[in-house]
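A.B. asks: Below is one structure. I have some questions about it.
The values are calculated or read from the model by the stated rules, or taken from the named source; none is laboratory data. The structure presented is a predicted model; accordingly, all values stated were derived computationally and were not measured. Note: ideal-geometry Cβ built from the backbone for every residue, glycine included; neighbour counts use all protein chains shown. Ligands, DNA and RNA are excluded from the accessible area calculation, which covers all protein heavy atoms including side chains. Shrake-Rupley method; radii C 1.70, N 1.55, O 1.52, S 1.80 Å.
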Amino acid sequence: RIKPASDLLRDQSVQPVGLKHRGKMPRAAAAVKRSATAALEGAAKDRTPKSAKLAVPAAAAKVPSQALEPALEWCRPAFDLLDFLGDSLPPACVDMLRAAAPHALDAKVHERHAYQTAVIDSLARLCAEALKSHRAAVASAEAAVSTLLQDRERAAEQLAAATSDEEAKREAKGVAATTSKSAEEVVAATRQVMESARKKLEEVESLAQVVSEAKVDFEKEIEEIWVPLKSGTFPPKEWRARQKAIARASEILTQAEIPASLAAAVPIALKERLESRTDFGAQAIEHADIALREHIASIATQLEGHHATVDSQTQAVAKAEGELKAAEAELAATLNAQIEAENTWVDSDSAVRDLKAAIGSFAEKSEQLDAELTASKISLEELQGLVGRFEGLRASTEVQSMDAVAEEPKDVSAEALAQKVEDVTPQAPAEPPVDAPSDSAEAEGGRAASTESSAA
């Protein structure tokens, strides 16, 4: 199985190549440069947008330092930086940078060749992008906190206005309820008046009916009893019927409230035959007849009075009914106003409740946003520290000592490691002879390139 470049670096049997050479780049190192450059370009093409890759986590966690060989401990700032940025880069790119960074950073600044400078500049660009992304995350978190504070102040102002409006609507609701209650009382009183008027009308109508029937009965008895007795038209053989008629006539005269002397004389006079009546008897009958007629007239007058009372009470009932109808209409209007006031107050009360609930949730939101802001700042500070240490290493002019150098250096490029197969990679000498001609070096470079192409 092919090991990752980071594992190969930590393997004691594989040591970095060319860290002590300051002259021409070894042939194997030239192959590393070409393969690493291609890996960088490919990783840059495949990489997702920076904004997605360099997003700051909600809670910044300190990246644990990985174990390094003592010979590579001086390069820990670069490895820590790569560990921090590892989630934003493809794994192959991270492995390639971990393999190439010690070689690039080991050279003095003024002695670095183009590939070493390209590797360091790539790390610098990643640092700049990460710093930009982290600063943007901090700014975004601060903006979110500021917006939440503004929202809280605005909600507090809205709550004060909504509370005042709710109090006014509650007062209006109470007024509407009081008005409706008064209207109900008016309707109840008016209905009572109307019912009383109707009851009185029934009474006077009943009394008028009784008087009217009494008048009719009285007139009927006068025609059927008094007139035959007065005229003496009862036959002698019907003396029993005449005696009953005289007794009933006495009762009728009693209803007419005639004097007692007249009431006592009339029955005696009625027993006499018409042709044998004395002047005293005729006068008694005449006065009784006048009293009966006057009584009928009195009943008629009384009946007219009852009729007038009925008419008046009928008008009173109609008036009471009109007043009741108006009171009921007023009650309906006040009830509608009360319902509208109730609904308006419910809306205001709901608005107050919603605002209070929103303000109550601000504490949790504020705590969450503060935590995100703190995490963003901690992550930014950690990144700034890592970048500062890397920049210090980048600007260093001292050559770091690497104790162990492999007798047969390995090709540590990302491409070569990805395509490595057993016993197919040719070995290159650690350092070309200083007096070798340039054409020999070019020939050796061509052979290395040919070997790399065949390995690919």
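A.B. asks: Running Debye on the stretch 129-203 with equal point scatterers at the Cα sites and no solvent, what base-10 log of I(q)/I(0) appears at q = 0.13, 0.14, 0.17 Å⁻¹?
C.D. replies: -0.70, -0.74, -0.82
A.B. asks: Something else: Can you compute the modelled spin-label distance between Glu224 and Asp289, with each label point 7 Å from Cα toward Cβ, in nm?
C.D. replies: So the two model labels end up 2.1 nm from each other.
A.B. asks: Please work out the FRET efficiency for the pair Glu185 and Val346, using the Cβ-Cβ distance as r and a Förster radius of 22 Å; give the result to the nearest 0.05. Before the final figure, lay out each step's value.
C.D. replies: Numbers: r = 26 Å, r/R0 = 1.19.
For Glu185 and Val346, the calculated efficiency is 0.25.
A.B. asks: Take Glu69, Glu257 and sort them by solvent-accessible surface of the protein heavy atoms, 1.4 Å probe, largest at the top. Show your work: numbers first, answer last.
C.D. replies: Working: Glu69 45, Glu257 160 Å².
Ranking Glu69, Glu257 by accessible area, largest first, yields Glu257, Glu69.
A.B. asks: What whole number of Å gives the distance from the Cα centroid of the stretch 222-284 to the Cα centroid of the stretch 174-210?
C.D. replies: Taking the Cα centre of the stretch 222-284 as reference, the centre of the stretch 174-210 is 53 Å away.
A.B. asks: Past the 20 Å Cα-Cα mark, which pairs from Lys173/Lys325; Lys237/Lys271; Lys181/Lys319; Lys199/Lys325; Lys215/Lys244; Lys220/Lys271?
C.D. replies: Details: Lys173/Lys325 25 Å; Lys237/Lys271 14 Å; Lys181/Lys319 23 Å; Lys199/Lys325 18 Å; Lys215/Lys244 22 Å; Lys220/Lys271 22 Å.
Checking Cα-Cα distances, Lys173/Lys325; Lys181/Lys319; Lys215/Lys244; Lys220/Lys271 exceed 20 Å.
A.B. asks: Here is a follow-up. Hey, what's the stretch 164-296 come to in accessible area per residue, 1.4 Å probe, Å²?
C.D. replies: Details: 8370 Å² over 133 residues.
Result: 63 Å² per residue.
A.B. asks: Which percent of the accessible heavy-atom area of the stretch 170-228 goes to carbon and sulfur, probe 1.4 angstrom? Don't skip to the answer; put the middle values down first.
C.D. replies: Details: 1930 of 3740 Å².
Carbon with sulfur: 52 percent of the solvent-accessible area.
A.B. asks: I would also like to ask the following. Considering only protein heavy atoms and a probe of 1.4 Å, how much of the accessible area of the stretch 241-338 is carbon and sulfur, as a whole percent? Let's see the in-between values first.
C.D. replies: Working: 3200 of 5760 Å².
Carbon plus sulfur share of accessible area: 56 percent.
A.B. asks: Mind giving me the FRET efficiency for Glu257 and Glu202? R0 is 25 Å, r the Cβ-Cβ distance, nearest 0.05 is fine. Display every interim value, and only then the final one.
C.D. replies: Numbers: r = 29 Å, r/R0 = 1.17.
Computed FRET efficiency for Glu257 and Glu202: 0.30.
A.B. asks: Tell me, what are the semi-axes, in whole angstrom and largest first, of the equivalent ellipsoid of the stretch 319-402 as set by the roots of 5 times the Cα gyration tensor eigenvalues? Let's see the in-between values first.
C.D. replies: On the way: eigenvalues 1256, 14, 5 Å².
Its equivalent ellipsoid spans semi-axes of 79, 8, 5 Å.
A.B. asks: Grab the eigenvalues of the alpha-carbon gyration tensor for the stretch 63-193, scale each by 5, take roots, and send me the semi-axes largest first in whole angstrom.
C.D. replies: Values: eigenvalues 1228, 41, 24 Å².
Semi-axes (√(5λ), whole Å): 78, 14, 11.
A.B. asks: Work out, step by step, the length gained on full extension between Ala358 and Asp87: first 0.36 nm times the residue separation, then minus their alpha carbon distance; give nm to one decimal. Intermediate values should be presented prior to the final figure.
C.D. replies: Values: separation 271, 0.36 × 271 = 97.56 nm, distance 3.67 nm.
Here the segment from Ala358 to Asp87 would lengthen by 93.9 nm.
A.B. asks: Moving on. When the Kirkwood radius is taken over all Cα pairs of the stretch 240-288, what Stokes-Einstein diffusion coefficient follows at 37 °C and 0.692 mPa s, in µm²/s? Walk me through the numbers on the way to the answer.
C.D. replies: On the way: Rh = 10.8 Å.
The calculation lands on 303 µm²/s.
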